[in-house]
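A.B. asks: The structure follows.
The values are calculated or read from the model by the stated rules, or taken from the named source; none is laboratory data. These numbers come from a predicted model, not from an experiment. Virtual Cβ from ideal backbone geometry, glycine too; neighbours counted across all protein chains shown.
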Amino acid sequence: MDGAVVRKLTTILAADAEGYSRLMAADEVSTLQALRDCRAVFGRLIARHGGRVANTAGDGLLADFPSVVEAVHCAVEVQRELAGRSATPDPSSTMRFRIGVHLGDVMVDGNDLFGEGVNLAARLQALAEPGGILISEPVYQQVRSKLPIGFAYLGERRPKNFPEDVRIYGVVLDEAAPGSGSSQPWRHAGPSGDKPEGASPSERPSQPPLAADPARPGIARRAGQYAVILLGLAAIDLSTGGGPWVQWPAIGMAMAFGLEATPRLARGRLNVHLMRCIVIALGLLAINALTWSGYPWALWPIGGLTLLVLLRALSGRRPRAKPAP
C-alpha cells in the first residue's frame with residue numbers, strides 16, 4: 001500500500017574523505033578535482049562488483065551491494081588503487097578515505113537508504129584510519145574465508161547513539177603478514193579463535209604482527225616510560241640513603257599502568273571490569289604486605305570489588321540481539 005516502508009537486507013559501504021575541510025581551505029579547485037577523481041574510482045569499482053551508489057552528499061559516499069564478499073572486495077580495491085596514486089602526480093593522491101562496511105537491514109526511499117544499518121556503517125567509517133577499512137561482525141563472518149586478505153579483531157566498541165557494543169574488525173590490506181615469509185594470505189583469528197577454512201597449520205602464524213593491533217605499540221611505549229621513571233626514582237632512593245621509599249611510587253605506577261592498559265587488552269566490558277579489579281586487588285595486597293602489622297585489612301576492599309564484579313556479571317546476562325546471518 002502507499003506509504004509502506006520498504007526494507008531490505010543489504011551490505012552497506014560508507015566512505016568519507018579525511019581532512020576534506022582542510023584541503024578545501026588550502027586549495028578549493030584542486031580539492032574538488034581530486035574528489036571527482038576519487039569518486040570516479042569508487043563509481044567504477046562499485047559497478048564492477050555489482051553494487052550501486054546510493055548517496056554522494058558532500059565528501060562522503062554511500063553504496064550498497066547484494067553480496068557481502070563483493071562489497072569488501074570493492075573496498076579493498078578502492079583503497080589499494082587510491083594508495084597507488086601516492087607515487088604519481090595525480091591530484092587525487094592527497095586525498096585519503098575511511099571506509100566502513102556493515103551487513104544489516106535498511107529502509108529504502110527511492111535511491112536513498114536509511115536506518116540503523118546505514119548508521120552503523122557510517123560509525124565504522126568514522127572509526128577507521130585514513131586509508132583503512134573497518135567491518136562489523138556480520139560482515140566478518142561472511143568474508144573471513146572467502147577473500148585473500150587479513151582481518152584483525154579490534155575489540156568491542158559502542159558507537160555513538162547505539163545501545164550495545166559491536167565487534168569490530170580491521171581489514172589488513174597487505175598481501176601477507178609482515179615477517180611471515182609466506183605468499184599465502186594471512187588471516188588473524190577472531191575473538192573465538194576461529195581459523196580460516198582451508199589453511200594448513202603451517203600457513204597460520206603463531207601470533208599476529210604487532211601492526212595488526214594498534215594498541216600494542218602504545219602500551220609498550222607507556223611501559224618503557226614507566227620503567228625509565230622507576231629506574232630514576234630507584235637511583236635517587238639509593239643515593240639519598242635512609243629507609244627505602246621507592247616501593248611506594250612503584251606500586252602506584254604499576255597500578256596506573258595496569259588500569260590504563262586494561263581497556264586495550266581486555267575484550268568485552270565485563271573483562272575490563274574484572275581485570276581492573278584484579279589490578280587494584282594486587283596493589284592493595286602489596287601495600288598490605290609492605291605495612292604488615294598482623295592484620296589482613298586488604299581482604300575487605302578486595303571482597304567489595306569481587307562483589308561489584310559479580311553484580312556486574314549478573315546484570316549483564318540479558319538477551320542480546322543476534323547478528324544478521
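A.B. asks: Going through 114, 97 one at a time, which residue ends up being assigned by TED's automatic domain parsing to the domain that holds residue 56 and without any contact (Cβ under 8 Å) to a residue 12 or more places away in the chain?
C.D. replies: 114
A.B. asks: If we scan the range 89-98, do we find a residue that is under 19 Å from the mean Cα position of the chain (by Cα) and at pLDDT below 90? Break it down stepwise before answering.
C.D. replies: Just the residues of the range 89-98 that are under 19 Å from the mean Cα position of the chain (by Cα), to begin with: 96-98.
Next, only the ones that are at pLDDT below 90 stay: 96.
Scanning the range 89-98, I find at least one residue that is under 19 Å from the mean Cα position of the chain (by Cα) and at pLDDT below 90, so the answer is yes.
A.B. asks: While we're here: Considering only residues that are of a type outside the set (Val, Ile, Thr) and under 21 Å from residue 81 (Cβ atoms), which ones fall in the range 125-145?
C.D. replies: Matches in the range 125-145: 125, 128, 129, 130, 131, 132, 134.
A.B. asks: Any residue in the range 226-248 that is closer than 30 Å to residue 307 by Cβ, at pLDDT below 85, in a helix (DSSP H, G or I) and under 27 Å from the mean Cα position of the chain (by Cα)?
C.D. replies: No: zero hits.
A.B. asks: Please find, within the range 196-222, the residue that is modelled with the lowest pLDDT out of those that are surrounded by fewer than 14 Cβ atoms within 10 Å (Cβ to Cβ), part of a helix (DSSP H, G or I) and under 26 Å from the mean Cα position of the chain (by Cα).
C.D. replies: 210
A.B. asks: Moving to a separate point now. Under 7 Å between Cβ atoms, at least 6 apart or on separate chains: pull out the pairs that start in the range 31-50 with a residue that is in contact (Cβ under 8 Å) with a residue 40 or more places away in the chain and on the phi < 0 side of the Ramachandran plot and end on any residue that is among the hydroxyl-bearing types (Ser, Thr, Tyr) and crowded, with 21+ Cβ neighbours inside 10 Å.
C.D. replies: As it stands, the answer is 34/92; 37/92; 38/92, since those pairs meet every condition given.
A.B. asks: I've got another one for you. Every residue in the range 105-138 that is within 26 Å of residue 95 (Cα to Cα) and among the hydrophobic types (A, V, I, L, M, F, W, C), please. Give the steps one after another, and end with the answer.
C.D. replies: Step one: filter the range 105-138 for residues within 26 Å of residue 95 (Cα to Cα), giving 112-113, 118-136.
If the condition is that a residue be within 26 Å of residue 95 (Cα to Cα) and among the hydrophobic types (A, V, I, L, M, F, W, C), then 113, 118, 120, 121, 122, 124, 126, 127, 128, 133, 134, 135 are the ones that fit.
A.B. asks: Could you check residue 15 against (1) touching a residue at least 40 places away in the same chain (Cβ under 8 Å); (2) over 13 Å from residue 95 (Cβ atoms) and say which number it fails?
C.D. replies: (2)
A.B. asks: Further, regarding this structure: Would you be able to say whether some residue in the range 18-33 is surrounded by 19 or more Cβ atoms within 10 Å (Cβ to Cβ) and either assigned to a strand (DSSP E or B) or modelled with pLDDT under 90 (or both)?
C.D. replies: yes
A.B. asks: Same structure again: Testing residue 277 on (1) more than 22 Å from residue 247 (Cα to Cα); (2) touching a Ser or Thr at 6+ places or on another chain (Cβ under 9 Å), one condition comes back false. Which one is that?
C.D. replies: With respect to (1) more than 22 Å from residue 247 (Cα to Cα); (2) touching a Ser or Thr at 6+ places or on another chain (Cβ under 9 Å), residue 277 is out only on (1).
A.B. asks: Can you find, within the range 152-171, the residue that is nearest to residue 118 (Cα to Cα) among those that are of a type in the set (A, V, I, L, M, F, W, C) and out of contact with any helix residue (DSSP H, G or I) (no Cβ under 6 Å at 6 or more places or on another chain)?
C.D. replies: 162
A.B. asks: Another one. Could you tell me how many of the residues in the range 44-64 are surrounded by fewer than 20 Cβ atoms within 10 Å (Cβ to Cβ), of a type in the set (Val, Ile, Thr) and not in a loop (DSSP other than H, G, I, E, B)?
C.D. replies: Matching residues across the range 44-64 total 1.
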